[in-house]
1. Could you check the stretch A:725-789 for helices (runs of 4 or more DSSP H) lying wholly inside it with 3 or more residues that are exposed (fewer than 11 other Cβ atoms within 10 Å of the Cβ) and modelled with pLDDT under 90?
2. Looking at B:R51, B:R97 in this structure, which one is under 26 Å from A:V631 (Cβ atoms) and either in contact with a Cys (Cβ under 9 Å, 6 or more places away or on another chain) or at pLDDT below 90 (or both)?
3. Which residues, taken from the stretch A:673-717, are closer than 30 Å to A:I729 by Cα, surrounded by 15 or more Cβ atoms within 10 Å (Cβ to Cβ) and of a type in the set (S, T, N, Q)?
4. Residues being more than 9 Å from chain B (Cβ to nearest Cβ) and of a type in the set (F, W, Y): count how many of those fall in the stretch A:611-640.
5. Can you find a residue in the stretch B:45-58 that is more than 7 Å from every other protein chain (Cβ to nearest Cβ), under 14 Å from A:I729 (Cα atoms), surrounded by fewer than 22 Cβ atoms within 10 Å (Cβ to Cβ) and out of contact with any Leu (no Cβ under 7 Å at 6 or more places or on another chain)?
6. So for the stretch A:675-698 (the condition being more than 7 Å from every other protein chain (Cβ to nearest Cβ) and more than 30 Å from A:I626 (Cα to Cα)), does at least one residue qualify?
7. Six or more apart or on different chains, Cβ atoms under 7 Å: show the pairs whose first residue is in the stretch B:6-27 and within 7 Å of chain A (Cβ to nearest Cβ) and surrounded by 24 or more Cβ atoms within 10 Å (Cβ to Cβ) and whose second is basic (K, R) and in a helix (DSSP H, G or I).
Amino acid sequence: MLVAVLSIFVGAALAPLLVRLLGRAAGWVLGLLPLGVFVYFAQTLPQIAHGESLRQTYEWLPLLETPLSFYLDGLSLLFALLVTGIGALIVVYAGGYLAHHHQLGRFYVQLLSFMGAMLGLVVADNVFVFFIFFELTSLTSYLLIGFYHTEEGSRRAARKALIVTGGGGLALLGGLVLLGGVAGTWEFSRMLDLGASVQGHPYYLAIFILVCAGAFTKSAQFPFHFWLPAAMAGPTPVSAYLHSATMVKAGVFLLARLHPVLGGTALWTGTLGLFGGFTMLMSAWLALRYTDLKQILAYTTVMVLGLLTMLLGIGTEAAITAMVTFTVVHALYKGGLFMMAGNIDHGTGTRDLLELGGLWAAMPWTMAGGVATGLSMAGIPPLFGFIGKEVTYEAALHMHTWGLLVLVASVLANVALVGAGLLVGLTPFIGEVKGAFTRDPHEATPSMWVGPLILGIGGLAFGLYPSSIDHTLLQAAQAGILQESHEVHLALWHGITPAFIASLVTFALGGVVYAFWQGLRVSAFMEGVGAVFGWGPGEVFERGLYGGVHLSGAITRRVQNGQFRWYLCATFLSLLVLVGGGMLAGGGGAEFSFSGEIRYYEVALATLILLSIAAAVRTHDRFVAILALSVGGYGVALVYLLFGAPDLAMTQFAVETLTLILLVIVIVHLPGIQGDESIGVRLRDGLVAAGCGALLTTIMSVVIQTSLDLRVSDYLAQKSYTEAEGHNIVNVILVDFRGLDTMGEITVLAIAAIGVYVLMRMPRQKKPSLAAGTSVAASRSDAAETETD
Amino acid sequence: MEQITAIVSGAMIAGSFYLLMRRSLLRFVIGLILLSNGVNLLIFTMGRLIRTQPPIIPEGAKVPPEPFANPLPQALILTAIVISFGLLAFTLVLVYRHFAAGTSIESDDVRASEPTEPLDVDDQARRLPA
């Protein structure tokens, strides 16, 4: 299976070359690859149908206990066949649909990468391998939806899909990690009989919610359904493949795969039944609001996903039979209908039902496929869709409680589906040509109509001969979900059963919907449904997204307002709050005691320095400020002198003098200190500064009271003469023990000196006058305006 | 005595923080000088203060007579004084060149990297679909 999955990725890598060599015919050749993989999986069918399962393991990351392991049972096989079978048709179809697009090669890379990821997803056994493929499908889907990347709508839709499914994927990762931890294994195949212990675990609720978040976002369940209709902005082959038959079913597949582990509880049944049922009913009717073929198909896809979720929630033998049957039914008709919609768009230039009609003459082959798949969607016998509908009703009728409710909901949803199926499959072809098309209606190339035709024939064949797959594929898939084998028997004619009567009711009401669709579409009822459910969650998402951008913009402008002094204030405030708050929280107070001998001249010196600081801070006269500063600096030099640091004192005297000279030289060329900030700002800054000063004094007082580790100092003092033959210990440290540091210091000074020299020698720029500055600013804002427009 | 230098050092740093936050770049420079003095005093205090006896070994002795001032912080501060002088000279010239190139020495006008024009997000937000 590894080879099967990898071969598709290899095909993706080679696709651009093939497109370059063969041009638009490349689709036919590339289509052979998924076809071959389809055959490979198909030949395992007898074995799987017999109740066996295949497991293959390749050591990949042994240290992380993550083998590349694959597991093929009936459920995986069903999906693998859908992915590769429909995939082959789509690859061929895309060759025709995008024949004139200059990036067909790129499209195939993305499409085949998606196919490989999707195939890997359905056959993965290891949880993490599954998750990687799950995310890969989200990523490739993002690229494919945004394939027409020059259009803003496409980019927006792609981003929406990525955020929703990616966010769900994140939740899923959490759920899978919890699940693996609880189950004690990272292989799905080993989890399958651990249902009882997982469901009894306290983490079960968390696992369930996280897994559901992943599955519901991926499979577009309410309230996450909005991304799927938006994803129709992608090219039609993408809609036909990812957003009907495969990727959106990944969530349903996940729930089916974990059904033996997580399913069967009241929580499972209630949640899946409720969300699935509601999604089904809501989107089935929302579909009737649209006149765009692809939008109708998108909403009915959501409807089917809801139905499948609901059936998984019910989880009885009959429900799972219906679920696996409908999965096949839907994949056959929906893929075909999307391709048909693409053909009509291609041939006439429109997908709007109000403009379409009478294409039977111009597009016979497309019509054949379209009518067959459309009628299957409507559930008309003898097509496979009829059987799918019947078994759904059977599942509802077999329920002990809530059965009637499920039946009514299913009938109501299917009524809309009948209407939608007839609208999509019949209306464009029958009747009169309604108006002038932008293009002369013409049949599509064979590569484009062969897909719908094959799927239509498939729907007819399975409808007439359901026994061709019910005992084999469907039964094995059902066994994979339920972990116990039941006989699956499908038939076109069951006799006059309650399900058949429900079908008749559905047809009658569906016919009415079809006949009066024009009026229904614009009725107040449909408007209301659309406003609340169709528009609501998507709008919440959009507003939330842009609200987030707005909010971060506002915060950025406030926090990073370009004012240097505000940045400093924020830094100082953080220092005060974090360090001071930490000290308060830790209860580390300081006792302030003036111990030891204090001499009067020392107090006088300290007072002098304090006064000079106050003068330097308060004055508006730049020369007074410099003088005050110097007084403080010389005061500090005296402190050094008094406490045994003559070297420091000398250096400080020298540097202080130099500083004074430098300041005076430069400052005479600068304007004075102009005005003050507002009293509020000064008060704020003053409080922050005073707080920081108090904080540092407090810290110092605390440190003073601890004992000082003098080992380094003593070592240096002991070795100063004996090792370095120097009497002045400070000098020995600087030039000997830490000589390299001093070297660095000299380098820094040299660099500063060079910097100063260069800055002073730079040619003096012409001062822009005030008027010129304004005009520059004006032209800049003009440019910005033009860009925005 | 350490308590008193702790207060002086704290006051110096508080004063320098206040000056650093002023609009005038001149006051910023003064704050910078004050800050280096304050921090040097802080390091000096943390090494404890001992009166009169510098860390110098007298002629004929191999170790300095006890008690002697702690030489380690002195070495640190000596480096710091010189480095901060270099920093000051560079900053001062920068301020001067800034003034020479423009019209003010206010820090609010130093914003070549953060222009006052609206951010990109404003543009995006304006294109929000109705």
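1. Answer list for the stretch A:725-789: A:770-788.
2. So the residue among B:R51, B:R97 that is under 26 Å from A:V631 (Cβ atoms) and either in contact with a Cys (Cβ under 9 Å, 6 or more places away or on another chain) or at pLDDT below 90 (or both) is B:R51.
3. Correct list: A:T697, A:S701, A:S713.
4. Residues in the stretch A:611-640 being more than 9 Å from chain B (Cβ to nearest Cβ) and of a type in the set (F, W, Y): 2 in total.
5. yes
6. No, because not a single residue in the stretch A:675-698 is more than 7 Å from every other protein chain (Cβ to nearest Cβ) and more than 30 Å from A:I626 (Cα to Cα).
7. B:L19/B:R27; B:M21/A:R565; B:L26/A:R622
Conditions tested, residue by residue: (1) within 17 Å of A:T165 (Cβ to Cβ); (2) under 26 Å from the mean Cα position of the chain (by Cα); (3) surrounded by fewer than 24 Cβ atoms within 10 Å (Cβ to Cβ).
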residue: A:R257; (1), (2), (3): no, yes, no
residue: A:G264; (1), (2), (3): no, no, yes
residue: A:T269; (1), (2), (3): no, no, yes
residue: A:F275; (1), (2), (3): yes, yes, yes
residue: A:T279; (1), (2), (3): yes, yes, no
residue: A:T300; (1), (2), (3): no, yes, no
residue: A:M303; (1), (2), (3): no, yes, no
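The values are calculated or read from the model by the stated rules, or taken from the named source; none is laboratory data. Not measured: the values here are computed from a predicted model. Here Cβ is always computed from backbone atoms with ideal geometry, including for glycine, and neighbour counts include all displayed protein chains.
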